[in-house]
Amino acid sequence: MRKDMGSKKTCKERGEWAELCFMARAADRGLNVSRPHGDSASYDVGVEQNGRFLRIQVKSTTFCRKGSYTSNITGPKHERYPRGKVDFFAVYLVPVDVWYIIPFDVVEGNLSLNLTPRKGHKFAQYMEGWNLLRGAEKRARKKAVDPSALVVG
């Protein structure tokens, strides 16, 4: 799916492409997706499953240093997203074609994330975590606060 689009000339173009990639990947997994009209919503994509609606903020990155990808998770004017505006961040690591589906509560207060796509790193349980969009986020949050689950990577 990545087909050289990660190298788009502007961040906005790559962001729009990543949103389309997310919607295609989510739909392929049986999730119902929708997109808000215009650019003024606090989220990029809506996901509805069994009457439950989730607001997803899609991010993508191509920046890698020593095997770790960095993604900013800030909104307009580089400010943190306020509680209640976004339910999940979907972060696409373009060069390795890997998605992270991370609940807002897990990263609330952060401005950026360092994601290392291998087992045992801090956010490993969210790598390809599409199941979280089906209602398993309560279990994921419980695991996230378990110190044994937080291995810094």
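The values are calculated or read from the model by the stated rules, or taken from the named source; none is laboratory data. Computed from a prediction, not measured in an experiment: that's the story for all the values here. With ideal geometry, Cβ positions are generated from the backbone for all residues, glycine too; neighbour counts draw on all protein chains shown.
So, of the residues in segment 67-88 that are in contact with a Phe, Trp or Tyr (Cβ under 6 Å, 6 or more places away or on another chain) and among the hydrophobic types (A, V, I, L, M, F, W, C), which turns out to be farthest from Val33 (Cα to Cα)?
Looking at residues that are in contact with a Phe, Trp or Tyr (Cβ under 6 Å, 6 or more places away or on another chain) and among the hydrophobic types (A, V, I, L, M, F, W, C), I get Ile73.
Look through segment 55-105, keep the residues that are of a type in the set (S, T, N, Q) and within 18 Å of Glu128 (Cβ to Cβ), and return whichever of them is farthest from the chain's Cα centre (by Cα).
Let us first name the residues in segment 55-105 that are of a type in the set (S, T, N, Q), namely 57, 60-62, 68, 70-72, 74.
Okay, now just the ones that are also within 18 Å of Glu128 (Cβ to Cβ), so 57, 60-61, 68, 71.
Details: Gln57: 6, Ser60: 8, Thr61: 11, Ser68: 16, Ser71: 10 Å.
Restricting to residues being of a type in the set (S, T, N, Q) and within 18 Å of Glu128 (Cβ to Cβ), the top hit is Ser68.
Residue by residue, here is whether (1) polar (S, T, N, Q); (2) over 22 Å from Val45 (Cα atoms); (3) not in a helix (DSSP H, G or I) holds:
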| residue | (1), (2), (3) |
| --- | --- |
| Lys85 | no, no, yes |
| Phe89 | no, no, yes |
| Trp99 | no, no, yes |
| Val106 | no, no, no |
| Pro117 | no, yes, yes |
| Lys122 | no, yes, yes |
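Considering only residues that are over 18 Å from Arg14 (Cα atoms), touching a strand residue (DSSP E or B) at 6+ places or on another chain (Cβ under 7 Å) and either surrounded by 14 or more Cβ atoms within 10 Å (Cβ to Cβ) or without any contact (Cβ under 8 Å) to a residue 12 or more places away in the chain (or both), which ones fall in segment 86-111?
Residues satisfying the conditions are Val86, Asp87, Phe88, Ile101, Ile102, Pro103, Phe104, Val107.
If we keep just the residues of segment 55-85 that are in contact with a helix residue (DSSP H, G or I) (Cβ under 6 Å, 6 or more places away or on another chain) and buried (at least 21 other Cβ atoms within 10 Å of the Cβ), which is nearest to Leu20 (Cα to Cα)?
Ranking the candidates gives Val58 first.
Restricting the search to segment 5-46, which residues are among the hydroxyl-bearing types (Ser, Thr, Tyr) and in contact with a strand residue (DSSP E or B) (Cβ under 9 Å, 6 or more places away or on another chain)?
Passing the criteria: Ser34, Ser42, Tyr43.
Does at least one position in segment 31-50 carry a residue that is closer than 23 Å to Asn131 by Cα, of a type in the set (Val, Ile, Thr), surrounded by 13 or more Cβ atoms within 10 Å (Cβ to Cβ) and modelled with pLDDT under 95?
no
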